[in-house]
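One structure is given here, and the rest of the page talks about it.
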Amino acid sequence: MILKGENIVLRALEPEDLAFLYEIENDELIWEVSHTQTPYSKWVLKQYLENAHQDIYEAKQLRLAIEDKKSNQLIGLVDLFDFDFKNSRAGVGIVIKEASRGNGLGSEVLQQLITYSFSHLQLHQLYANISINNEASIKLFTKFGFQKIGIKKDWNKINGQFVDEVLFQLIHNS
């Protein structure tokens with residue numbers, strides 16, 4: 001499966017993506033958003049890639065690589081997680097390498113994912129959990145119509161401090 005924007009391609013993970021996946025999953029700067037506490041080994045990630053062929057209905061998750069069309073380099077990952085077929089919803093998570101942020105690629109990624117989720121997967125809603133201090137992500141999701149529906153108080157402990165997390169939701173009005 002390939003989803004294309006003007007500057008990005010969202011595609012299925014391939015075995016040759018192991019080094020990139022290892023780099024992203026072991027970047028301690030993003031562990032707070034991924035709720036990771038320990039590093040991943042290449043062996044564990046290789047096993048994950050070998051099972052990445054499961055469709056979203058089996059795995060309850062869809063992880064796609066974000067590729068920059070100009071450089072053909074991977075710049076991030078996007079996830080649909082906690083896929084709930086019965087209730088037609090899924091969570092959204094996006095991580096883009098720091099060097100590729102701030103130039104509109106996140107907007108392209110989110111637009112492609114929203115279109116795919118509502119048209120192809122026939123989802124009724126998407127949601128995102130965003131740390132209250134992640135202004136860039138809040139701005140990105142609200143730009144696409146996600147609405148703040150609640151605040152989870154002291155939800156995540158980051159650098160020894162409890163931080164609120166905001167729940168955003170986008171309902172598809174078909």
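Key figures for this structure:
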{"item": "Cα→Cβ-extended label distance, 7 Å offset, between Ile132 and Phe81, nm", "result": "2.1"}
{"item": "Accessible area of Phe144 in the full protein assembly, 1.4 Å probe (Å², nearest 10)", "result": "40"}
{"item": "Extension gain (nm, one decimal) between Leu18 and Ala99, 0.36 nm per residue minus Cα-Cα", "result": "27.2 nm"}
{"item": "Accessible surface of segment 67-174, 1.4 Å probe, proportion on carbon and sulfur as whole %", "result": "47"}
{"item": "Karplus (6.51, -1.76, 1.60) ³J(HN,Hα), θ = phi - 60°, over segment 61-77, in Hz, Gly and Pro reported as x", "result": "8, 9, 10, 10, 7, 9, 10, 6, 5, 6, 9, 6, 9, 6, 10, x, 9"}
{"item": "Distance violations [Cα-Cα > 25 Å] among Lys69/Lys143; Lys97/Lys139; Lys4/Lys97; Lys60/Lys143", "result": "Lys60/Lys143"}
{"item": "For q = 0.18 Å⁻¹, Debye-computed log10 I/I(0) when each Cα of segment 116-161 counts as one equal scatterer", "result": "-0.68"}
{"item": "Largest to smallest accessible area among Glu67, Glu98 [probe 1.4 Å]", "result": "Glu98, Glu67"}
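The values are calculated or read from the model by the stated rules, or taken from the named source; none is laboratory data. The structure displayed is predicted, hence computed values, not measured ones. Backbone-built Cβ (ideal geometry, glycine too); neighbour counts: all protein chains shown. The accessibility values were calculated without ligands, DNA or RNA, using every heavy atom of the protein model including side chains. Shrake-Rupley method; radii C 1.70, N 1.55, O 1.52, S 1.80 Å.
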